[in-house]
Structures are given as structure tokens and as C-alpha cells.
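No value in this document is a laboratory result; all are computed from the given coordinates. Predicted, not measured: the structure shown is a model, and the values here were computed from it. FYI the Cβ positions are ideal-geometry reconstructions off the backbone, even for glycines, and counts take in every protein chain you see.
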Amino acid sequence: MIHVRLEPQGRELRLPKACTALKLLRELGLGVNSALVIRDGELLTPDRRLNIGDEIVVRTVTSRG
Amino acid sequence: MKCRKCKALAAVALPSHNTAFCPDCYPVFVRSQVERAIHRHKMIAPGDRVLVAVSGGKDSLALTLLLHELGHDVHGLHVDLDIPGSSTDARAACEGFFAKLGLPFTVVELRREGLAIPLVKSRIKRPICSVCGKLKRHYFNKFALENGFSVLATGHNLDDEVSRLFANTMRWDASYLSDQGPVLPAADGFARKVKPMYRLTEFEIANFSFLRGIDHVIAGCPYSGRASFPVYKSLWSDLEGRMHGAKVQFYENFLRDGRPVFAAWAEHREDPLSPCTVCGYPTSAEVCGVCRIREMVRVESEAPRS
Ligand SMILES: [Zn+2]
Ligand SMILES: [Zn+2]
């Protein structure tokens, strides 16, 4: 399982198999420029591979007024 | 992906610039974009005292850090809106950030002005976001003028600017189109306003804030749900996904070719400003917008509640 947490919504989900950061964003319906993909405090570019056991934070990019 | 500059493993990919950067080189890229904007539009002169309008979000805090690192004399101002579940966190984020950098910081509390946003919202029928924006602009400008700041800087990014420009274009609002831009020169009763981050997207600033460990608030304003800007923002993000560089081109080409035309038109029909008869602030009406809001809140408060 890959464990994914969405910020700021706080929603959690699990993915059964390895994929890329791009694939994850697509699955969440997000564009490559609309969220940060973070693993262990490190930013991942869309081509990076996500592995079973990873804890991923996807933080959508929105500014307040 | 590899960093364009040093070939290390990239942390941030930027399709619109057709490039990628590692965690060390990326902040340098962001700083150079801001430096270039300041230089190209002569935003800040040596010796300027810069007031930075800070909300607690990533954009305004990143702007503070960048201006400070570029050697400018910065002072932060936060307007506490008194919105439950939002304002306390926003204010704390600003206070913590300025304390950490050791930079001067001031808070204006709308509650003390009798204009706490929940109160205003309950008394006035107009959309609260526009009223709130008006109040913030008023107090930022007032503080800048009364305390001798020559420049007021805001954290507006390319997405903010493009969605605002697009909204104004949708309505062909010529008077807004005549003075939208990254620099508004000082005028009678108005401080010089600059937007040094206008060339950076929200995504680019979010990456910078993450890599530089900026502790900002993430949750949005609970009242901003129905603003029209998010619609335009998502439209533009789709467009940018298909046409890299569309945002910056739309905006820069407007500045070069569109704005001068509207500005020339506006010269003929500018309403002259005169001091507000209540508070002395410059306004095109007899009583300024903020005094009218204050009056509406007062009248509504005194009227029997139905
Ligand atoms: Zn590098
Ligand atoms: Zn007034």
C-alpha cells in the first residue's frame, strides 16, 4: 500500500501498487502545477516513482485572500 | 529529472519555463525572478522604506523573506480581521515569522475600528470579500502614509494578477484595465504600491515556501467560498497545462500593449479626488468607502433587529 494524505482537506487514501507522482496526481484529478507531492519532507517531481510503503503528502496549492 | 544548473536530482519541475531545479538552486531561481521584477519596473529605490502587507499565507511571507534577503528595509503590517477559526492562526503565523527574522511588525485590529469582519458581514448586504478587500487596502495604505513608508508591497502572484485581469476583461471594465499592473505610482493620498512576485505562479511560490521552511497558514478564509476568482484560476490552470507560458504571456502582453490604451482613455475621464468629509481620506465621492461601510454598520446596529 501507498499511504496518501491530502492537504489541506485532511482526506486520506491508499493506493494498492507503485506508480509515479504524475499518475497519483492524475488519479486525484490534479494538474502537475496544482499540488506539491511530498515524501519524507522531500519534494517529488512528476516523474518520480512511488513505492509500496511510502507515506505521501499531496498539498494543493491555494492562496488565501 | 535533473536540476538545470547543477544536474543534481530535481525537486521542482517547471513546465512553463521548460526546466527543473534541485532544492538548493530553486530558491535562487525564485529570488532572481523577484529581483528582475523589482529592477525592470523600478519598484523599490535605494533608501525606500518598504511596508509589506502580510496575511499569514505563503505568498506574503515568502515576499517578506525575499525582500529581506535582497537587502530591503522591510516592516510587516497585518490586518486582523477577527474571523473566528481563521484570524487567530493567520496572525500567529505572521507574528512567529517576523519574530524569527527579527523584523519589525505591526497589527491593525479591525475590531478596534468597530469593523470586525463578522460584524460587517452581518450588517451589510454586499459580498463580504469585496468589502474586506476594501478595508484591508484602506488600512494598509493609511498606515504606510502615516508612518512614512515610501512603498507598500503585496504578495500578489501571477495567478492573482491573471485572474483579476481576466475578470476585468470579461466585463471590459476599462477603468480597472487602465491601472492594473505590478506598480501603482504614488498619488495624492496613496502610497506607491508594488507586486514584486507578479511573475511567479502560486505553484512556484508554494514550492519556494516549502523548501525554505516558511510556516504559513494553509486553510483558506471560511468566507471566500463563492468568489469568482477560483473559477478563473482553475480555467487558467487548464489553459496553462495545454499551453505552457500562456499566463505570463497574457499578462505581460497586456502590460505592454493593452494597458497603455486604457490608461490614455482613462486620462480624459478621471473623477477628481477630494478629501473624505468624515476622515479626510482621498475619495472620488464626498464620503470615502470605508466611512460609508462604518456608517452602514452603525445604522444597522442601532436599528431594531427584525
Ligand atoms: Zn541544482
Ligand atoms: Zn472617510
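Computed from label points 7 Å out along Cα-Cβ, the spacing between A:Gln9 and B:Ala186 is 4.8 nm. In the Gaussian network model of chain B, springs joining C-alpha atoms below 10 Å, which of B:Arg36, B:Arg111, B:Arg171 carries the largest mean-square fluctuation? Its mean-square fluctuation being the largest, the pick is B:Arg171.
Assuming R0 = 45 Å, can you tell me the calculated FRET efficiency for the pair B:Ser175 and A:Ile52, based on Cβ-Cβ distance, to the nearest 0.05? Let's see the in-between values first.
Details: r = 58 Å, r/R0 = 1.29.
My answer for the efficiency is 0.20.
How high is the FRET efficiency between B:Asp89 and B:Ser234 when r is their beta carbon distance and R₀ equals 22 Å, given to the nearest 0.05?
On the way: r = 25 Å, r/R0 = 1.15.
For B:Asp89 and B:Ser234, the calculated efficiency is 0.30.
Among the trypsin sites (Lys or Arg not before Pro) in segment A:1-46, those located in a DSSP loop and surrounded by at most 13 other Cβ atoms within 10 Å of their own Cβ are A:Arg11, A:Lys17. The mean sequence separation of alpha-carbon pairs under 8 Å and at least six residues apart, normalised by the residue count of chain A, gives a relative contact order of 43 percent.
Residues B:His39, B:His72, ranked from the fewest to the most other C-beta atoms within 10 Å, line up as B:His39, B:His72.
Tell me, in nm to one decimal, what length is gained between B:Asp24 and B:Arg36 on full extension, where the rule is 0.36 nm per residue of separation less the Cα-Cα distance?
Numbers: separation 12, 0.36 × 12 = 4.32 nm, distance 1.95 nm.
Length gained between B:Asp24 and B:Arg36: 2.4 nm.
This model, with +1 at the C-beta of Lys and Arg and -1 at the C-beta of Asp and Glu, gives chain B a dipole about its Cα centre of some 440 debye. Over the protein assembly as shown, dividing the summed -39,500 (n - 2.57) contributions of all DSSP H runs of at least 4 residues by the number of residues returns a 222 nm mean residue ellipticity of -12500 deg cm²/dmol. Computed from label points 7 Å out along Cα-Cβ, the spacing between A:Glu42 and B:Asp271 is 5.8 nm.
The label point for B:Ser301 and the one for B:Asp257, both projected 7 Å from the Cα toward the Cβ, are 5.2 nm apart.
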